[in-house]
1. When you look at Ala96, is it touching a Pro at 6+ places or on another chain (Cβ under 9 Å) and aliphatic (A, V, I, L, M), yes or no?
2. Hey, can you tell me all the residues within the range 258-275 that are assigned to a loop (DSSP other than H, G, I, E, B) and open to solvent by 20 Å² or more (accessible area, probe 1.4 Å)?
3. Taking the options Ala147, Ala143, Ala135, name whichever one is modelled with pLDDT of 95 or more, within 29 Å of Arg334 (Cα to Cα) and under 26 Å from the mean Cα position of the chain (by Cα).
4. Would you check which residues across the range 64-93 are open to solvent by 10 Å² or more (accessible area, probe 1.4 Å) and without any contact (Cβ under 8 Å) to a residue 60 or more places away in the chain and list them?
5. Find the residue count for the range 335-359, including only residues that are surrounded by fewer than 24 Cβ atoms within 10 Å (Cβ to Cβ) and within 12 Å of the chain's Cα centre (by Cα).
6. Could you check how many residues of the range 308-330 are in a strand (DSSP E or B) and open to solvent by less than 10 Å² (accessible area, probe 1.4 Å)?
7. What's the number of the condition Ile371 fails, among (1) more than 26 Å from Thr83 (Cβ to Cβ); (2) surrounded by fewer than 24 Cβ atoms within 10 Å (Cβ to Cβ); (3) touching an Asp or Glu at 6+ places or on another chain (Cβ under 8 Å)?
8. If you check Gly286, Gly305, Gly255, which single one turns out to be in a loop (DSSP other than H, G, I, E, B) and under 22 Å from the mean Cα position of the chain (by Cα)?
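The values are calculated or read from the model by the stated rules, or taken from the named source; none is laboratory data. Keep in mind the model is a prediction, meaning the values are calculated, not measured. All Cβ positions, even for glycine, are placed from backbone atoms using ideal geometry, and neighbour counts span all protein chains on display. Protein only, heavy atoms only, side chains kept; ligands, DNA and RNA dropped before computing areas. Shrake-Rupley method; radii C 1.70, N 1.55, O 1.52, S 1.80 Å.
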Amino acid sequence: MTETLHIVGGGMAGSEAAWQAAEMCVDVVIHEMRPNVGTFAHQTGNLAEMVCSNSFRSDDDEQNAVGLLHWEMRAANGLIMTTADSHRLPAGGALAVDRDPFAEAVTAKLKAHPRVSVSAEEVTSLPQDGKWIFATGPLTSPALGEAIRAETGAEALAFFDAIAPIVYADSIDMSKAWMQSRYDKGETEEERTAYLNCPMDRDQHEAFINALLAADKTEFHEGETAGYFDGCLPIEVMAERGRETLRHGPMKPVGLTNPHQPDVKPYAVVQLRRDNALGTLFNIVGFQTKMKYGSQTEVFRMIPGLENASFARLGGIHRNTFINSPTLLDAQMRLKSRPNIRFAGQITGVEGYVESAAMGLLAGRLAAAEILGRSLPDVPQDSAMGALIHHITGGAEAKTFQPMNVNFGLFRPVDGLKGGRRGRKDRYKAYTDRAKEVWSDWVKQC
């Protein structure tokens, strides 16, 4: 008989951690407070529910660090990636999924596993005994947050994640919009037409920016600060940084030709990505927002093609709590003051579905090995997994620690390759080749 591993939180990280440990023949209990205790962002009690985007971002494992992370998770029999591949939607080179069937499938697989059980309860303290992984994500409950702060002796850091709105496809005016991925990227026609595009001329863009700046915004509670993560900035915050900021971000008009006016180059373009397999829902790419609901409908209906848009979900904003991992965690993701507890997922200071699931994968394997009395080799730093865990457990500067997506800036240089933009393609390919080799060796030893 081996000790049971307890995992608090059934999101991306908790689900992946449970799967990895169970596959190593360790009994697992997932403690998930939903649906008994809800959050404003979640809609169901399913495990691995996607509450923001439905995208796992780039699937390019040779030129993109996120795509490399996908590759490593697949090589490790990752539940999240395997299930995502089974429920993928056209996304022009990205990996997007049909969110509800995806979560339902993850839930069904875990509940069907003979070594996994799910307990619908809220955990509000840090246990003294047993082996635990806390993967409670950005919406850690207030009671557990207080317990973590009491144990660490430090104030939890916090920023705000904003959620993009979702539009019903049949309410979009296709006499103004068209389907095309930027630069026609993708291997199939479906991939090359994965995005819906709404063009703006200069006057429409200027009016839209004016409306964004003037719109009513969600107010923060007393004592809260708006320390946004740059990868998830609300569009109105981007607009406040400069009237052209959005045109160089989510509204950039490059790589697209409007078939309705092929000789007219749009001044700006709003893109929407399919959000379900039926193609009935589209989310507005990069349009996270903290505008109040009434303002959202008014402002977003200024977008050509969305004048009569009907919204399945409007945008929102929520607090995202994370710990100062470089100070609090050891190299195996254990809480230094209580080594029986590990942390995984977004609460460790990684950002994004993929990164969260990846840290869950590592935490699950490390915890299971410890329970089984096995010693795993160190996670290779030259892999995407290793670069990320190294960053959050010591590579980052603790005084300025902020949430981080995986990126090639976290990787150690490859000798003999030139820097700069011109050498980037060769450099990225070298990073991914090296990572695949060392990760494959590590997985074989586990």
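1. In short, yes.
2. Initial filter on the range 258-275 (assigned to a loop (DSSP other than H, G, I, E, B)): 258-267, 275.
Matches in the range 258-275: Pro259, His260, Gln261, Pro262, Asp263, Val264, Lys265, Tyr267.
3. Values: Ala147 fails: modelled with pLDDT of 95 or more; Ala143 fails: modelled with pLDDT of 95 or more.
After ruling out the rest, the residue left standing is Ala135.
4. Within the range 64-93, Arg74, Asn77, Thr82, Asp85, Ser86, Arg88 qualify.
5. Looking only at that region, the number is 1.
6. The initial filter retains those residues of the range 308-330 that are in a strand (DSSP E or B), namely 311-313, 316-322, 329.
Now narrow it down to the ones that are open to solvent by less than 10 Å² (accessible area, probe 1.4 Å): 320, 322, 329.
Result for the range 308-330: 3.
7. (1)
8. Working: Gly305 fails: under 22 Å from the mean Cα position of the chain (by Cα); Gly255 fails: under 22 Å from the mean Cα position of the chain (by Cα).
Only one candidate passes the filter, namely Gly286.
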